[in-house]
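This report refers to the structure that appears directly beneath it.
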Amino acid sequence: MIISPTDLEVTDLEADAIVVGVDAQGTLTKEAQEVDVATGGMLARLVTQEEISGKLGKVTVILSPPGVKAGQVAVVGLGESRQFGRGQAFRAAAAAAKRLAERPRRRVAFFLGDGWTEQQVESGVCGAMVGCQGQDLYRSEKNLHAIEEILWDDAYEAVLTSGQILGESINLTRQLVNEPPSRIYPESFAAEAEKFAEESGLEIEVWDEQRLEDERCNALLAVARGSARPPRLVILSHMGGDPGDPILSLVGKGVTFDSGGLSVKTTDSMKTMKCDMAGAATVFGAMQAIVRLELPINVIGLAGLVENMVGGDSYKVGDVISARNGKTIEVLNTDAEGRLVLADVLDLAIERRAEKIIDLATLTGACMIALGTDVAGLMTNDQAWCDAVRAAADDCGEGVWQLPMFPDYYDELIHSKVADIKNVGEGRWAGAITAAKFLEQFVGKTPWTHIDVAGPAFLENPKPWLDAGGTGMFVRTLVEVARRWNA
Ligand code: BES
Ligand code: MN
Ligand code: ZN
């Protein structure tokens with residue numbers, strides 16, 4: 001995709017379509033007003049008739065408008081102007097792009113940025129790229145057609161470039177999630193990582209089974225045992241700072257398919273389980289953006305890649321595993337596999353001198369019961385670090401909400417009668433929190449924030465601004481955290 005600035009008048013620009021905005025009060029933006037004048041008051045009339053809506057993400061297309069050189073005008077709702085931020089900019093541009101992408105378009109020009117901050121323009125560009133990319137990788141007739149050339153009114157080249165980098169990284173994450181599990185399994189996932197690492201200049205280390213054994217990653221290996229596909233552990237690093245600078249560590253759950261293992265899932269709950277590597281894919285997307293943005297900081301991204309399957313050598317209910325950090329774990333449900341994988345990867349993050357850690361994982365259905373499908377759960381052992389992560393997510397417009405970690409109530413729920421801890425809580429209560437309590441056992445005193453993305457990582461139905469499937473959510477938040485690191 002080509003993205004470039006334009007300073008042509010909105011009415012003079014030759015393109016398949018131009019995009020202008022209207023807010024929730026029905027106020028047309030500057031360029032929308034110019035289109036209104038050129039069309040003899042058509043836009044204002046349609047707003048009065050409530051044919052054009054200013055609701056965030058509503059798109060009204062006007063074909064062959066008089067007085068305008070472009071083939072059509074898409075008027076996109078910007079929502080409440082008082083609440084307008086980067087999240088709204090992303091969604092509005094994405095919704096317009098998605099609507100226009102229903103047919104192939106050579107060139108679409110966005111005239112939204114009047115009064116937008118640079119950060120909002122960046123988010124808009126990023127949204128436009130994400131909105132027009134669909135999940136239909138294997139359909140011969142596509143639902144969505146990526147726009148070939150995007151023009152953005154009155155924007156700095158550098159802002160467009162960073163918006164494009166973010167958009168490409170989000171789409172990388174989405175594509176990895178959307179690929180079927182027959183194509184993305186631990187080895188092939190690691191091979192994809194090697195490919196983009198080389199292209200973007202990230203350092204990469206891939207651990208195979210032998211290395212995982214030598215490194216005592218027994219919890220990760222236990223989960224992998226039921227599968228014919230051997231596990232991998234990927235370490236990406238970008239040392240953009242000084243050698244002694246603190247290291248930000250991003251950790252992702254990379255279960256390329258979660259059948260539940262011997263505690264096997266139903267077909268219905270398995271349907272979306274190719275998405276169980278979304279945490280790892282999000283870390284990969286963020287790492288790619290961070291290196292391409294040349295952020296002057298030290299970041300390491302780690303992902304544990306396994307397939308949770310049923311086999312003659314599957315790990316069993318009742319097994320006791322000794323994790324990399326020496327803690328013993330009683331396995332009472334093989335479907336609580338993500339925390340076992342993360343246990344060893346978090347321990348490695350500490351060994352690699354993480355100053356602070358964020359992990360992302362499609363960890364629990366319980367988190368979706370608590371917060372729904374659009375909002376991720378935050379859990380932490382360090383309130384200041386969690387506040388920093390939350391502030392970044394809030395500014396990007398990605399929904400997060402913190403859940404408590406009270407030791408008095410929750411610590412005892414993972415006590416085991418035969419080992420140090422067990423891999424499930426008591427019954428189904430506080431399932432998102434007991435999973436986090438388990439992870440907390442592997443980070444020591446290092447400030448750590450866990451993001452349970454079970455809900456927002458994957459959409460079962462499309463939104464006006466985003467096709468169904470992998471969402472790439474939290475790539476922007478992670479990059480925002482990285483931008484603020486050291487600052
Ligand atoms: N990958 C699932 C969690 C999940 C569920 C992600 C739905 C996305 C959508 C995880 O490995 C899992 O199976 N968790 C169990 C834990 C339970 C056995 C303690 C769950 O949530 O039911
Ligand atoms: Mn599971
Ligand atoms: Zn899982």
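Residue selection: P231 satisfies the criterion of being surrounded by 17 or more Cβ atoms within 10 Å (Cβ to Cβ) and on the phi < 0 side of the Ramachandran plot.
Listed here are the residues, each with its yes/no results for (1) in contact (Cβ under 8 Å) with a residue 60 or more places away in the chain; (2) hydrophobic (A, V, I, L, M, F, W, C); (3) in contact with a helix residue (DSSP H, G or I) (Cβ under 8 Å, 6 or more places away or on another chain).
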{"site": "Q83", "(1), (2), (3)": "no, no, no"}
{"site": "F110", "(1), (2), (3)": "yes, yes, yes"}
{"site": "W116", "(1), (2), (3)": "no, yes, yes"}
{"site": "V121", "(1), (2), (3)": "no, yes, yes"}
{"site": "V125", "(1), (2), (3)": "yes, yes, yes"}
{"site": "G131", "(1), (2), (3)": "yes, no, yes"}
{"site": "Q135", "(1), (2), (3)": "yes, no, yes"}
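Residues that are farther than 25 Å from N333 by Cα number at least 3 in the following strands (runs of 3 or more DSSP E) confined to the stretch 374-487: 400-402.
Annotation for the stretch 154-163: at least one member residue is modelled with pLDDT under 95, of a type outside the set (V, I, T) and crowded, with 21+ Cβ neighbours inside 10 Å.
Residues in the stretch 255-277: is at least one away from ligand 2 (no atom under 16 Å from the Cβ) and under 23 Å from Q175 (Cα atoms)?
No, there is no match, as no residue in the stretch 255-277 is away from ligand 2 (no atom under 16 Å from the Cβ) and under 23 Å from Q175 (Cα atoms).
For the stretch 24-57, filtering for residues that are in contact (Cβ under 8 Å) with a residue 60 or more places away in the chain and over 23 Å from R105 (Cβ atoms) leaves 1.
Taken over the stretch 257-307, the residue count meeting the criterion of being part of a helix (DSSP H, G or I) and either in contact with a Lys or Arg (Cβ under 7 Å, 6 or more places away or on another chain) or not small (G, A, S) (or both) is 18. Determine if the stretch 235-246 includes at least one residue that is touching a residue at least 12 places away in the same chain (Cβ under 8 Å), farther than 16 Å from N333 by Cβ, out of contact with any His (no Cβ under 6 Å at 6 or more places or on another chain) and open to solvent by less than 10 Å² (accessible area, probe 1.4 Å). Yes, the conditions are met somewhere in the stretch 235-246.
Within the stretch 29-45, can you find the residues that are touching an Asp or Glu at 6+ places or on another chain (Cβ under 8 Å) and under 17 Å from Q72 (Cβ atoms)?
E31, E34, M42, L43
Just one of the numbered conditions (1) surrounded by 17 or more Cβ atoms within 10 Å (Cβ to Cβ); (2) away from ligand 2 (no atom under 16 Å from the Cβ); (3) assigned to a helix (DSSP H, G or I); (4) within 26 Å of the chain's Cα centre (by Cα) is not true of K195: (1). In the stretch 337-361, of all residues being open to solvent by 10 Å² or more (accessible area, probe 1.4 Å) and either among the aliphatic types (A, V, I, L, M) or outside any loop (DSSP other than H, G, I, E, B) (or both), the one that is farthest from ligand 3 (Cβ to nearest atom) corresponds to E355.
The values are calculated or read from the model by the stated rules, or taken from the named source; none is laboratory data. Not measured: the values here are computed from a predicted model. Backbone-built Cβ (ideal geometry, glycine too); neighbour counts: all protein chains shown. For the accessible areas, the whole protein counts, side chains as well, though only heavy atoms, and no ligand, DNA or RNA atoms are used. Shrake-Rupley method; radii C 1.70, N 1.55, O 1.52, S 1.80 Å.
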